[in-house]
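These notes are about the structure you will find just below.
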Amino acid sequence: MDYGAITFVDNLTSGVVGLYYSPLFLVFKILIAIYVVVVFADIVLLLVLRDITWDLRVGTKGSDIPLISKNKMQKRWDKIKDRLKSENVSQYKVAIIEADALVEELLAGVGFRGENMTQKLEQVSEMHLDDHRETLSEVHKLRNRIVHETDFEVDRQTTQNALEVYENFLRYLEFLQ
């Protein structure tokens, strides 16, 4: 009996090995490989169609941060900061107005609605922007004074401080390096 079981196992093993290396099983392995590739491609396409990049941005940032090249944003920010090199006070005012417009554009891109920056900032909860909401409100008030009061003057230090607030916010959202 022992001899029969060993012979049976040996025959079964040699049959399985023979089947594994047979041309029929090779065709079966190729068909399975093609099927796996097609299923993988389907999964990737479904993720793309479902806009998985949006889900990732929402999951990591808590909101849909627009996709903007850091290099383009850095160039745009450098142009704003270059206005500080001038001795012209009007260039300081323009730098604050441009920085405020940039941040307002980003807030709109994130999904905060409103006609102006104040309305957009009112929609932001403290949880979303940490302490940036309060500082952005303060520098936006400075921007409003520049726009609405014709005799309002700013100096280089005030402009530099305001731009630092905007820059910190842009770094917080990882738009600047």
Note to self: If I ask for residues that are in contact with a helix residue (DSSP H, G or I) (Cβ under 8 Å, 6 or more places away or on another chain), assigned to a helix (DSSP H, G or I) and not polar (S, T, N, Q), which ones from the range 107-118 would you list?
What the structure shows: LEU107, ALA108, MET117
Item checked: Near pairs, Cβ below 7 angstrom, 6+ apart or cross-chain, from the range 129-154 (of a type in the set (D, E, K, R)) to any residue that is buried (at least 19 other Cβ atoms within 10 Å of the Cβ) -> ARG133/LEU121; ARG143/ILE96; ARG143/ASP100
Check: Which of (1) at pLDDT below 85; (2) polar (S, T, N, Q); (3) under 18 Å from the mean Cα position of the chain (by Cα) does SER125 not meet, given it meets every other one?
Finding: (3)
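The values are calculated or read from the model by the stated rules, or taken from the named source; none is laboratory data. The structure presented is a predicted model; accordingly, all values stated were derived computationally and were not measured. Note that each Cβ is placed from the backbone with ideal geometry, even for glycine, and that neighbours are counted across all protein chains shown.
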